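Chemist: Dumping the structure here so I can ask a few things about it.
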Number of protein chains: 2
Amino acid sequence: MAVDRTKIRWNGWGWAAHKDDVGPREIVWTWLAGELGMPALLATPPRPLDELTLPPTKLFPEDHAALAAIVGADSVRCSPYERAFHALGRSYHDLLRLRAGALESLPDAVVYPRSTDEVLALLAYCKAHRIGVIPFGGGTSVVGGVSAEYGNFDTIITIDLSSMDRLLDVDSISRTATAEAGIYGPALERGLNAKGFTLGHLPQSFEFSTLGGWICHRGAGQMSLRYGRAEDWLVGLKLATTEGLAAASDAPASAAGPQLKDIVAGSEGSFGIVTEATVRLMPLPEASLYRSYMFRDFGAGSATIRAAMQDDVAASMIRLSDVEETRFLRTYASIGHAGSVQRFGDLYLKVRGISREPCLMIAAFEGRRMRARSALHHFSRIAAQYGAVSLGPRIAERWRQTRFQAPYLRDAMMDRGVGVDTIETAASWMRLETVYANTRAALENAIRETAPREGARGVVMCHISHSYSDGASLYFTYVFPRALEGDIAQWKTIKKAATQAIVDNGGTVSHHHGVGEDHLPWMMQEKGPLGIAALRAIKKAFDPDGILNPGKLIPP
Amino acid sequence: MAVDRTKIRWNGWGWAAHKDDVGPREIVWTWLAGELGMPALLATPPRPLDELTLPPTKLFPEDHAALAAIVGADSVRCSPYERAFHALGRSYHDLLRLRAGALESLPDAVVYPRSTDEVLALLAYCKAHRIGVIPFGGGTSVVGGVSAEYGNFDTIITIDLSSMDRLLDVDSISRTATAEAGIYGPALERGLNAKGFTLGHLPQSFEFSTLGGWICHRGAGQMSLRYGRAEDWLVGLKLATTEGLAAASDAPASAAGPQLKDIVAGSEGSFGIVTEATVRLMPLPEASLYRSYMFRDFGAGSATIRAAMQDDVAASMIRLSDVEETRFLRTYASIGHAGSVQRFGDLYLKVRGISREPCLMIAAFEGRRMRARSALHHFSRIAAQYGAVSLGPRIAERWRQTRFQAPYLRDAMMDRGVGVDTIETAASWMRLETVYANTRAALENAIRETAPREGARGVVMCHISHSYSDGASLYFTYVFPRALEGDIAQWKTIKKAATQAIVDNGGTVSHHHGVGEDHLPWMMQEKGPLGIAALRAIKKAFDPDGILNPGKLIPP
């Protein structure tokens, strides 16, 4: 049942055996080079693991033996693959380092507990022996949330929760489920689906991320309009800390002061290790209706989303791509067909009087058949008021089928000297346009300034993926020619410019990726000195020696 | 615009001028005596303020002058009325003491700031001069949330926010509003309604409670199914602390770690004073449909609510009274009509084959006309499946019109030697029946054991007032003959027995009343030692000298 980690790429995304279906089509790469203002793309393959010389483990034999006494000898692992797999997360920044084999900092051992008691014993041991601990779920953080940082410690271990992957209970009366935190998305959904339920939490990392990870980084799945964010569906939990076990009440709501679950959601392993969680379920939807629409511009699409959210349209998902993303996706999708699809599309929209720079929207409506239909009609009426042209289900269904594939493309791009990263935020509707315009400008400028040659440029795309009555998220994807010398400095420059633009314009530093190491420099601005003081105080209560996940979440 | 506090009862509920329409009807009191197994009810009037000798203020003249320099001389008040009004909240326990004139502990002064800066200056002064501070909104806490406790201080002042009552901004794009925390419910709603919006937060204390109070005790209004709890509609806030100002981002959602607003919701003035808040709005509903139903028993009604919540029925409110509450309310309502209404009702239900011990449900459906209707039909279909008999709108409309009147009745009862208190919780659907049965039994036993004479008994009533897909709240109201000697000990015995039953059976110690002083003894069991350690740590970060609201929320 457990996921076979040796089949997952240690230095890229997903299954090692995954065949990238773009790879062979050279026409795509030629087109992409043109988009980036580059004469050609360069082969930049990753270094294989067996070529690398990793620093030796610094775990003392007596510590190794003590950890093995807690979890069993098989569950304390120090192989190069284990250590490299757990060295970093899966951000662009991480991949740059993993692919280059620049593994200065790795866990000295990876430990796989099988129970809350084992986690408690490991934490007690590490506290007593001053060993730093990196809590690890699926390891798909894109913000440096699982980087094997030593902090003030000479030795660090990763506690990998993936052996704690049991679905413990499904309470069909209260419609909740309790599971161990290391359960992966597909296994959790299989177990729930078998009883007619779903959690419905579908981040892009769904196949490779865990329940505990979703909670600890305060994530949101693609269908969050229907199923909610992690902090919404989280009912109760067990948190193993160096000071013992904390457990949150599973009452559906409480006025008994601030709630532990709200403090743990987003804590990123800095306070303790979530070992079990109880979550709210929904019934498996009877119907799932996917539709796509074209809008004359981003503003019309955005106004449609706002109107839909403020009129309580029961959508599961509404995603609106901006002009650049729409253009890029359509060209990318059609290029293998010699442009026929694109030409057809343009003609179709021209006939209907839509601009030639339209924005694509994908929306989904789920639940009881009648209600999904009624929500779809409700939404379509609103969209039509803003001049949308309905494109039917095809494009949206295609998106649904390939929804988890996009991250593989990043590996393929990185093989060819192309950088690709994402950055995301949320802001009130009032601020959204300003945040959008300034972040886009910051990204374009920073990419131009760090480009490896004159005339090279990036493609900056954005979509609204999650929305609320009072605001929405913005999700930027940017593709750019890698500076082959100093690619990490290039990434930092771009990241810094975009994040500063977000925060300065009133956006949050993250809507669903989290803080990790990458957003740490903006946390003081995000939270203020007292907000940070509160986080520090909580950490001190749960982890007085600061052994947990050094260098994440809380500025030093 | 500000509420004239001198027109509010200092030792009871609501407007001093309110005429209790039950008072003159002696038949009601005769019936009530019978219900309680008492031969007659005794006159137990409250002591008037001018008969009392209050302990003199301990505020030093130089402190008085310094506070006056911050807020103006008129805004530092030490009159007996001001001090007595702010001595306690409005729980049964508080009223026992207020009515007896047993005011051992009163604020030495009541200070009315007009801005966040003034609050900050007051807190800085009080910190520097070791003066305890009781933050005060409307003062309607029923859990001892505003008791003027000295803690470790020789002097305490109450900071009353009621002069900070401006609606600062309505953002109709983001559909949010920002207001000062001292604004009362009616003033806030008037301002929002004028722009076509509502917050929809309608606790029973609505007329006499404030925005800041709703947030700080993590409250829920009667219509919370539609409008959400305080922690749901709270978007952003300013928190004045002794260490300076903390401000929460107003992003609609964020993964930037645990959120300040979640820490402040339910903090009960222990961390700082909320001076401004930004809240999510809803449009004023086009239609408000109120209906009532009868069920053959509590189980059938409860199953209806669960099915409705789990099928996403868009209700604004569903309230289900148990057999005792239904019987008591029907008798009480009909007794003035010589029983005719009750007899008619019994006949009607008998004809329809419902039991003679039925349970009353009141439900409300709001929003766009078509959707409110559709929600009503959806709900009625489910209710019918569980054998409900629809009673039409009349009883529910009557409830709506008198929804804020019930607390006045408590004063009238206390005038006649009758005690009345409430206790509430929430639990998962799976636990709800057990919590219900055991709490009811604990209340009945404790009332019997503390009754002033052989054969005296209480009336214990309960309703489900707030519900969720995974559970619901239980709200007990109990009426009992007061032990005229030792009435506070009697209250404590009953409260303790019931609360222990709640917590031991997996209910939360409060669903929407809060913690205050009264629930403090159960907070360790509710949160666990680490949960409490986290609260203490946060308090220490925001209020290192512990001057704020001594003796509330966090066990010593």
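Chemist: In the range A:465-484, is there at least one residue being of a type outside the set (S, T, N, Q) and either over 29 Å from A:E357 (Cα atoms) or surrounded by fewer than 20 Cβ atoms within 10 Å (Cβ to Cβ) (or both)?
Modeler: yes
Chemist: Go through the range B:230-242 residue by residue and tally those that are open to solvent by 10 Å² or more (accessible area, probe 1.4 Å) and either facing chain A (nearest Cβ under 10 Å) or within 19 Å of B:G516 (Cα to Cα) (or both).
Modeler: Result for the range B:230-242: 2.
Chemist: Tell me which residues, restricted to the range B:458-490, are part of a loop (DSSP other than H, G, I, E, B) and charged (D, E, K, R).
Modeler: Of everything in the range B:458-490, those that are part of a loop (DSSP other than H, G, I, E, B) and charged (D, E, K, R) turn out to be B:D470, B:R482, B:E485.
Yes/no per residue for (1) under 24 Å from the mean Cα position of the chain (by Cα); (2) more than 14 Å from chain A (Cβ to nearest Cβ); (3) not small (G, A, S):
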{"site": "B:E149", "(1), (2), (3)": "yes, yes, yes"}
{"site": "B:D154", "(1), (2), (3)": "no, yes, yes"}
{"site": "B:D171", "(1), (2), (3)": "no, no, yes"}
{"site": "B:S174", "(1), (2), (3)": "no, no, no"}
{"site": "B:G196", "(1), (2), (3)": "no, no, no"}
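Chemist: What's the number of the condition B:P258 fails, among (1) in contact (Cβ under 8 Å) with a residue 60 or more places away in the chain; (2) open to solvent by less than 20 Å² (accessible area, probe 1.4 Å)?
Modeler: So the condition that B:P258 fails would be (1).
Chemist: What do you reckon, is B:E268 within 23 Å of A:W522 (Cα to Cα), of a type in the set (D, E), facing chain A (nearest Cβ under 8 Å) and in contact (Cβ under 8 Å) with a residue 60 or more places away in the chain?
Modeler: no
Chemist: If you take the residues of the range A:127-151 that are closer than 22 Å to A:P521 by Cβ and among the small types (G, A, S), which of them is surrounded by the fewest Cβ atoms within 10 Å (Cβ to Cβ)?
Modeler: Only one residue tops the list, namely A:G151.
Chemist: Determine whether the range A:439-459 contains at least one residue that is under 30 Å from A:E207 (Cβ atoms) and in contact with a Leu (Cβ under 6 Å, 6 or more places away or on another chain).
Modeler: no
Chemist: Just a yes or no: is a residue in the range A:488-503 at the interface with another protein chain (Cβ under 8 Å from one of its Cβ atoms) and either surrounded by 20 or more Cβ atoms within 10 Å (Cβ to Cβ) or modelled with pLDDT of 95 or more (or both)? Break it down stepwise before answering.
Modeler: First, pick out the residues of the range A:488-503 that are at the interface with another protein chain (Cβ under 8 Å from one of its Cβ atoms): none.
The answer is no, given that none of the residues of the range A:488-503 is at the interface with another protein chain (Cβ under 8 Å from one of its Cβ atoms) and either surrounded by 20 or more Cβ atoms within 10 Å (Cβ to Cβ) or modelled with pLDDT of 95 or more (or both).
Chemist: Is it fair to say A:A426 is in a helix (DSSP H, G or I), touching a residue at least 60 places away in the same chain (Cβ under 8 Å) and open to solvent by less than 20 Å² (accessible area, probe 1.4 Å)?
Modeler: Taking the combined requirement at face value, the residue does not satisfy it.
Chemist: Of all residues in the range A:525-536 being touching a helix residue (DSSP H, G or I) at 6+ places or on another chain (Cβ under 6 Å) and open to solvent by 20 Å² or more (accessible area, probe 1.4 Å), which is nearest to the other protein chains (Cβ to nearest Cβ)?
Modeler: Among those that are touching a helix residue (DSSP H, G or I) at 6+ places or on another chain (Cβ under 6 Å) and open to solvent by 20 Å² or more (accessible area, probe 1.4 Å), it is A:A533.
Chemist: Does A:R190 fit the bill of being touching a residue at least 24 places away in the same chain (Cβ under 8 Å) and either farther than 25 Å from B:G514 by Cβ or among the basic types (K, R) (or both)?
Modeler: no
Chemist: Another question, if that's okay. Of the numbered conditions (1) open to solvent by less than 20 Å² (accessible area, probe 1.4 Å); (2) more than 11 Å from every other protein chain (Cβ to nearest Cβ); (3) over 29 Å from A:N505 (Cα atoms), B:V274 satisfies every one except a single condition; which is it?
Modeler: Going through (1) open to solvent by less than 20 Å² (accessible area, probe 1.4 Å); (2) more than 11 Å from every other protein chain (Cβ to nearest Cβ); (3) over 29 Å from A:N505 (Cα atoms) one by one, B:V274 breaks only (3).
Chemist: Going through the range B:356-373 one residue at a time, which ones are touching a residue at least 40 places away in the same chain (Cβ under 8 Å) and open to solvent by 10 Å² or more (accessible area, probe 1.4 Å)?
Modeler: B:E357, B:L360, B:I362, B:E366, B:R368, B:R369, B:R371, B:R373 - these are the residues of the range B:356-373 that are touching a residue at least 40 places away in the same chain (Cβ under 8 Å) and open to solvent by 10 Å² or more (accessible area, probe 1.4 Å).
Chemist: I would also like to ask the following. Got a sec? Which of A:G455, A:G507 is more than 27 Å from B:G257 (Cα to Cα) and either among the small types (G, A, S) or not in a loop (DSSP other than H, G, I, E, B) (or both)?
Modeler: Only one candidate passes the filter, namely A:G455.
Chemist: I would also like to ask the following. Considering the range B:288-319 alone, what residues qualify as being surrounded by fewer than 21 Cβ atoms within 10 Å (Cβ to Cβ), within 14 Å of chain A (Cβ to nearest Cβ) and not in a helix (DSSP H, G or I)?
Modeler: B:D311, B:D312, B:A314
Chemist: How do the pairs read when you match residues in the range B:124-138 that are over 10 Å from B:I547 (Cβ atoms) with residues anywhere that are acidic (D, E) and crowded, with 24+ Cβ neighbours inside 10 Å, using Cβ under 7 Å and keeping only pairs 6 or more apart or on different chains?
Modeler: Partner pairs satisfying both residue conditions: B:F136/B:D160.
The values are calculated or read from the model by the stated rules, or taken from the named source; none is laboratory data. Quick caveat: nothing in here was measured; it's all calculated off a predicted structure. Methodologically, a virtual Cβ is constructed for each residue, glycine included, from the backbone with ideal geometry; neighbour enumeration extends over all protein chains shown. The protein model used for the area step is the full one, side chains on, heavy atoms only, and it has no ligands, DNA or RNA in it. Shrake-Rupley method; radii C 1.70, N 1.55, O 1.52, S 1.80 Å.
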